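Only the coordinates and a few stated rules stand behind these numbers; no lab work does. Computed from a predicted model, the values in this text were never measured in an experiment. All Cβ positions, glycine included, derive from the backbone under ideal geometry; neighbour counts span all protein chains shown.
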Amino acid sequence: MGFQGLIRFKKTLWIVLPILLSLHSDSLSSPTNTKFIASLSEKAPSDWPDTCKWLKQWAGIHPTDEMTAKLQYDTLRMYIERCAFDNFSYSVFGSMNGAVQFMSADTNRFLPYRDWLISVLYLNMNQPLYFCECMNSISTTFQFGKNAYLGHLAVKNYMRAHHPECWGSGDDKEYANDSVYDVQAGYDVNHLPPLDSLGLGFLLKASTPSPTTVEGNYLVSFTSSPNPFKNETHLRFHLNRMAYTTIGIYDVLGHQVWGDGNGRSLEAGDHEVIVDGTLLPEEALYARIETGFGEVRTIRLIRTSEP
């Protein structure tokens, strides 16, 4: 992320979070949370590392309702996406798991969480515990649906076989206990689903990337055609590897005029997004793409009434 992107991020962070806190004051009103959040809000950090430290402190909140859990989850996701290089960034995954458990009764909530975890799996290759804890979190997302519970064991079994650095004596006991529980629940633990059926086949297709094998730039290109355009334009981009990606179009004042603001995990390769321009203003616009790895690119667009 360049200097201007950093300034925009910090400006947005310190404008939006106080508003969120005021909206959710009742959610955060327990004595522990109130005191803790007050200490977080005393002053804005003056540089990037301090911003990471500030975001990370949200792991210390103990949600008591859905709003609190959602706010904690969003903040810690921002921390991982911007600050995964921190040697202790892995320590927030446990808090995120708890927040996802608490923030909604929708059983589908684990699907986008799993997609996001996969997209940030290799962000910190200098700290083995980061990969281990991220994989542990992925294993917790198999609680509903076709691969409920057995998906959890399949991920654990993969870690035991391929990543001994992530496995200890305590994990053997936990795996045995989980297996007994699943058998009692009627599941066949002797036939675990293959990783490719869980959306994790990439783990077996190649060795785990190292800091020297992971591409430095994940977002290779970002173009638009036609431009200028009247009715529609095509945004095209290429990813070197799976990445959590967000795309939006903004006017010259920075107001978002297209896009839902939600990111998505996309596979490596070429991608194309068709933008319906009929509802966009006829003026200079800016298409912006951002990955979960902090890369940002912008294209100047011209919407015109001419054919």
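Express in % the proportion of alpha carbon pairs of segment 77-197 at distances exceeding 22 Å.
On the way: 2634 of 7260 pairs.
In whole percent, the long-distance tail amounts to 36.
Peptides 93-99, 105-111 ranked from most to least packed give 93-99, 105-111, packing being the mean of other C-beta atoms within 10 angstrom over each peptide's residues. Taken over segment 222-307, the percentage of Cα pairs per 5 Å bin, counting from 0 up to the bin with the maximum distance, is 3, 14, 27, 26, 16, 10, 4, 1.
With θ taken as phi - 60° and the Karplus curve 6.51 cos²θ - 1.76 cosθ + 1.60 applied, the whole-hertz 3J(HN,Hα) list for segment 257-269 is 10, 8, x, 8, x, 9, x, 9, 7, 10, 6, 5, x Hz, x standing for glycine and proline.
Take peptides 177-184, 145-152, 65-72 and line them up by average Cβ neighbours within 10 Å, highest first, as a rough protection proxy. Intermediate results must be reported in sequence, preceding the final value.
On the way: 177-184: 13.1, 145-152: 17.8, 65-72: 20.1.
Result, highest mean Cβ count within 10 Å first: 65-72, 145-152, 177-184.
Counted by neighbouring Cβ atoms within 10 Å, the residues D171, D260 run from fewest to most as D260, D171.
Here the gap between A268 and N231, fully extended at 0.36 nm per residue and compared with their Cα-Cα distance, gives a gain of 10.4 nm. Counting only residues at least eight positions apart within a chain, or on another chain, the aspartates and glutamates with an alpha carbon under 18 Å from that of K146 are D106, D115, D178, D182, D188, D196.
What does the extension gain come out to for A176 and E66, with contour length at 0.36 nm per residue minus their alpha carbon separation? Provide the component values of the computation, followed by the final result.
Values: separation 110, 0.36 × 110 = 39.60 nm, distance 3.23 nm.
Using 0.36 nm per residue and subtracting the Cα-Cα distance, I get 36.4 nm.
Taking only the C-alpha atoms of segment 122-270, the Rg (one decimal) and the largest Cα-Cα distance, Dmax (whole number), read 20.4, 63 Å. Taking 0.36 nm per residue of separation and subtracting the Cα-Cα distance, full extension of the segment from S104 to F85 would add 3.9 nm. Each part reduced to its alpha carbon centroid, segment 59-74 and segment 255-307 end up 31 Å apart.
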